[in-house]
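So the structure is just underneath, and the comments pick up after that.
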Amino acid sequence: MVEEQLLPRGIDDPAVLHAMEVVPRHLFVSDALHAQAYGDFPLPIGHGQTISQPYVVALMTQLLQLTGQEKVLEIGTGCGYQSAILAALCERVYTVERIKPLLARARRTFDRLQLYNIMSKIADGTEGWPENAPFAAIIVTAAGPLIPQPLVDQLADPGVMVLPVGDLEGQTLMVVRKEGGVVTTTEVESVRFVKLVGTYGWKAA
């Protein structure tokens with residue numbers, strides 16, 4: 001996975017590559033999908049959600065430029081794979097999920113892997129986790145039509161947020177930086193994510 005999918009596509013942060021190498025991705029999908037867990041494609045995890053392809057996980061993580069000291073907010077726990085990658089690279093992860101069975105399963109995997117620096121809760125992720133703000137880094141693993149303002153407000157100064165933004169047909173991965181009170185955005189590349197549902201995202205069906 002690292003040699004064939006990540007290095008050739010510009011993933012070169014040694015810490016990110018190491019995390020992608022040591023975190024057992026197959027433990028975050030169903031037994032029936034273990035053989036496909038390291039393929040270069042997303043996989044279903046139930047409830048209409050997916051685990052992103054390894055390259056996208058690595059790219060979004062690398063864009064955060066983590067040093068190991070950060071407090072990171074993740075919106076969209078899903079199966080917990082991205083959370084586990086972050087946990088290997090920062091001081092503490094705060095992750096928010098809206099679907100209870102997904103978070104329950106992710107928590108069991110966190111316990112199995114002894115990932116004790118991950119804090120999690122069920123809530124509307126578009127509202128962030130204000131009582132633990134500010135966050136040096138924020139990552140959003142679902143796509144909304146706009147950048148949720150509460151997440152911008154909860155981003156530390158300086159701080160960086162990585163998230164997909166766009167319509168239901170396709171989105172753009174964006175990097176949002178806050179520095180000296182100024183917020184800037186940079187487009188990275190086209191992506192395809194599930195919907196970010198919540199007050200500051202798409203409405204639930």
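The values are calculated or read from the model by the stated rules, or taken from the named source; none is laboratory data. These figures come from a predicted structure and were not determined experimentally. Note: ideal-geometry Cβ built from the backbone for every residue, glycine included; neighbour counts use all protein chains shown. These accessible areas exclude ligands, DNA and RNA; they are computed on the full protein's heavy atoms, side chains included. Shrake-Rupley method; radii C 1.70, N 1.55, O 1.52, S 1.80 Å.
The criterion of at least 2 residues that are touching a strand residue (DSSP E or B) at 6+ places or on another chain (Cβ under 6 Å) and open to solvent by 30 Å² or more (accessible area, probe 1.4 Å) is met, among strands (runs of 3 or more DSSP E) falling completely within the stretch 129-205, by 155-166, 171-179, 182-191. Here is the figure for the stretch 170-205: residues that are polar (S, T, N, Q) and in contact with a Leu (Cβ under 8 Å, 6 or more places away or on another chain) total 1. Take the conditions (1) open to solvent by 30 Å² or more (accessible area, probe 1.4 Å); (2) free of Cβ contacts under 8 Å to residues at least 60 places away in the same chain; (3) among the charged types (D, E, K, R); residue 112 misses just one of them, which is (2).
Just wondering, is there one or more residues in the stretch 8-18 that are farther than 18 Å from residue 88 by Cα and either free of Cβ contacts under 8 Å to residues at least 12 places away in the same chain or in a loop (DSSP other than H, G, I, E, B) (or both)? Yes. Of all residue pairs spaced 6 or more apart or on separate chains, those with beta-carbon atoms under 8 Å, a first member in the stretch 193-205 that is at positive phi and a second member that is in a loop (DSSP other than H, G, I, E, B) are 198/98; 198/124; 198/148.
Can you find a residue in the stretch 68-79 that is open to solvent by 30 Å² or more (accessible area, probe 1.4 Å), more than 22 Å from residue 191 (Cβ to Cβ), touching a Cys at 6+ places or on another chain (Cβ under 8 Å) and not charged (D, E, K, R)? Scanning the stretch 68-79 turns up at least one residue that is open to solvent by 30 Å² or more (accessible area, probe 1.4 Å), more than 22 Å from residue 191 (Cβ to Cβ), touching a Cys at 6+ places or on another chain (Cβ under 8 Å) and not charged (D, E, K, R). Within the stretch 33-54, is there a residue that is in contact with a helix residue (DSSP H, G or I) (Cβ under 6 Å, 6 or more places away or on another chain), in a loop (DSSP other than H, G, I, E, B) and open to solvent by less than 10 Å² (accessible area, probe 1.4 Å)? Yes, the stretch 33-54 has at least one match.
Filtering the stretch 80-109 to residues that are open to solvent by 40 Å² or more (accessible area, probe 1.4 Å) and assigned to a loop (DSSP other than H, G, I, E, B) leaves 88, 91, 98.
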